[in-house]
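Structure first, then comments.
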Amino acid sequence: MLYQLYETQRALMAPFSEFASASAKLYSHPLSPFTHTPMAQRVSAGLDLMHRLAKDYEKPPFDIKSVKVDGVDVAVQEQVAIEKPFCRLIRFKRFTDDSTALEDMKNQPTVLVVAPLSGHHSTLLRDTVKALLQDHKVFITDWTDARMVSAEVGPFHLNDYVNYVQEFIRHIGPEVNVISVCQPTVPVLAAISVAATRGEFTPRTMTMMGGPIDARKSPTAVNNLAMNKSYSWFENNVIYRVPQNFPGAGRLVYPGFMQHTGFVAMNPDRHLSSHYDYFQDLIRGDDDSVESHRQFYDEYNAVLDMPAEYYLETIKAVFQDFALVNGTWVVDGITVNPADISTTALLTVEGELDDISGSGQTKAAHELCTGIPNGRQFHYDVEGAGHYGIFSGRRWRELVYPQVREFIKRYNEPANVMNLKGAAAPVKLAQPTKAPAVKAAALKKKAAPVKTATKAAPVVPAARKKARA
């Protein structure tokens, strides 16, 4: 019933939103006589803000048309590599007539970015993809809004997510490097673990950023809600059927608008302040700040529904049973055992101020992946970064991305691919002070919790030979 009420309210607000938008332009357009009336700027700003608060936000595009590769502008085109009922595997294909840049691109590592299926669209990782495209061939999982998937297709379970990831990895091939952001760190680790147990190839590297590998460590408000409420509470209070005006009518889902409301409720003062600043920027004519606000909230307010079975199983497995860390998770008859992974290098990344995935939750992957030699395991704490800061914005571009780039580059060099025990001095990722690069240092032979260094120094380069991509 709640979903139907929400849709009714949205339909009623749509005309008001459009009226507010048109009226705002009436008081701001240079050819309109109303622009020259007293308080016109304030009236226009107020109406514009009302429009944005009342409008419906659709999924935004990635809108990545070009990137620079070695200083050369390279065209980018989205291509659908695999299309599944609940997800598309998108490849960002790069094109150029510059022979030098083309040769460099052919030899660059291949990366699969596994985006979260947790309320927001995969376009939330636009900044992540744009940075990676400078030095990598990039694929990303583009999850489908469950309300757009016909109920006749059937359910989508957490184990289906794991199977999707495995299929995408097999499609790309042994040269793949996997990056998982937030929620997918758990099913991605499961997918790679099961592949290792089966004797299949595993990715060259896996980078896990801000995810709840072990949600018992430094639990956040999000974790506490999931851990303190019973399974039946979630089943009875947050699961609804998709209304008749969508292709997925009748499908049980966790509505995106509910998760969005929860995120806003976590920091209401911050959002209120942001909207007030937007109002002031409109009055002052600060176009850069206005556009920055619009871009952020166009993405933040665009949400999707999650399949009910997938959401409920994630709550139970990750936040209540802690199935991954307790060794009780079974996928297709195989117990998920990260200790079986042995040839994949591991990097974990956490934000110092992350209020979604607490300190130590992602780093816990090192305690599980005991089969990976210690010299191939690294951890990076990002000073001053919140949850979104580790994969988007200035800190991602200036601090995190250089670490990820060097980590992937090292384990895609021919010498290091052959030398699985890491005879060469491993790159040790550390808290940067001024420069994001860090010095190489040998680690102890026995597996142990990865320590984070405190000072930064230049990276010691690995072998110079280029690998095939």
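All of the numbers you see were taken from the coordinates with simple rules; none came from a lab. Since the model is a prediction, treat every value here as computed from it, not as a measurement. With ideal geometry, Cβ positions are generated from the backbone for all residues, glycine too; neighbour counts draw on all protein chains shown.
Structure notes:
- Annotation for the stretch 244-316 versus the stretch 12-54: alpha-carbon center distance of 23 Å.
- Relative to the longest principal axis of the Cα atoms of the chain, the long axis of helix 158-172 makes an angle of roughly 70 degrees.
- Table column - 3J(HN,Hα) (Hz), the stretch 381-386, Karplus curve with 6.51, -1.76, 1.60, x for Gly and Pro: 9, 9, 5, x, 9, x
- With contacts taken as Cα pairs under 8 Å at a separation of at least 6 residues, the stretch 171-288 carries a relative contact order of 17 percent.
- Each distinct pair of alpha carbons in the stretch 18-174 adds a 1/r term; the inverse of their mean, the Kirkwood radius, is 19.0 Å.
- Taking all pairs of distinct alpha-carbon atoms in the stretch 196-283, Kirkwood radius in angstrom: 17.6 Å
- Over the C-alpha trace of the stretch 344-388, radius of gyration and Dmax come out as 11.2, 32 angstrom.
- Cα-based Rg of the stretch 125-219 normalised by 2.2 N^0.38 Å, two decimals: 1.18
- Kirkwood's formula applied to the C-alpha pairs of the stretch 12-76 gives a hydrodynamic radius of 14.3 angstrom.
- Whole-Hz ³J(HN,Hα) from phi, Karplus 6.51 cos²θ - 1.76 cosθ + 1.60, for the stretch 179-188, glycine and proline x: 10, 10, 10, 6, 3, x, 4, 6, x, 5
- Listed pairs K84/K137; K217/K316; K65/K137; K363/K409; K84/K409 exceeding 26 Å between Cα atoms: K84/K409
- Overall Cα dimensions of the chain - principal axes, largest extent first, Å: 74, 52, 41
- Under a 5 Å amide H cut-off, with hydrogens placed 1.01 Å from N, V176 pairs with R204 among residues at least 5 apart or on other chains.
- Charge dipole (Cα centre; +1 on Lys/Arg Cβ, -1 on Asp/Glu Cβ; no other charges) of the chain amounts to roughly 1660 debye.
- Efficiency of FRET between Y231 and H275 - r from beta-carbon atoms, R0 51 angstrom, step 0.05: 0.90
- Considering only M148, I390, M266, and ranking their Cα positions along the charge dipole of the chain that arises from unit charges at the beta-carbon of Lys, Arg, Asp and Glu, the one farthest toward the positive end is I390.
- Computed 3J(HN,Hα) for the stretch 266-276, one whole-Hz value per residue from the Karplus formula 6.51 cos²θ - 1.76 cosθ + 1.60 where θ = phi - 60°, is 5, 9, x, 4, 5, 5, 4, 5, 5, 5, 5, glycine and proline marked x.
- Value of relative contact order over the stretch 212-361, rounded to a whole percent, pairs C-alpha under 8 Å and six or more apart: 41 percent
- If only the Cβ of Lys and Arg carry +1 and only the Cβ of Asp and Glu carry -1, the dipole of the stretch 1-125 around its Cα centre is close to 360 debye.
- Across the stretch 274-378, Cα pairs under 8 Å and at least six residues apart give a relative contact order of 19 percent.
- Rg and Dmax, both from the Cα atoms of the stretch 98-181 and both in Å, are 15.2, 50.
- Secondary-structure-derived ellipticity at 222 nm for the chain, considering helices only, amounts to -11000 deg cm²/dmol, per-run term -39500 (n - 2.57) for DSSP H runs with n ≥ 4.
- Whole-angstrom Cα spans of the stretch 254-406 along principal axes, big to small: 59, 39, 21
- Inter-part distance where the stretch 353-398 and the stretch 221-236 are each reduced to a Cα centre, Å: 25 Å
- Candidates F16, I179, N107 compared by Cα position along the dipole of the chain: farthest toward the positive end lies N107, with charges placed on Cβ.
- Distance between the C-alpha centres of the stretch 173-209 and the stretch 141-167: 18 Å, rounded to the whole angstrom.
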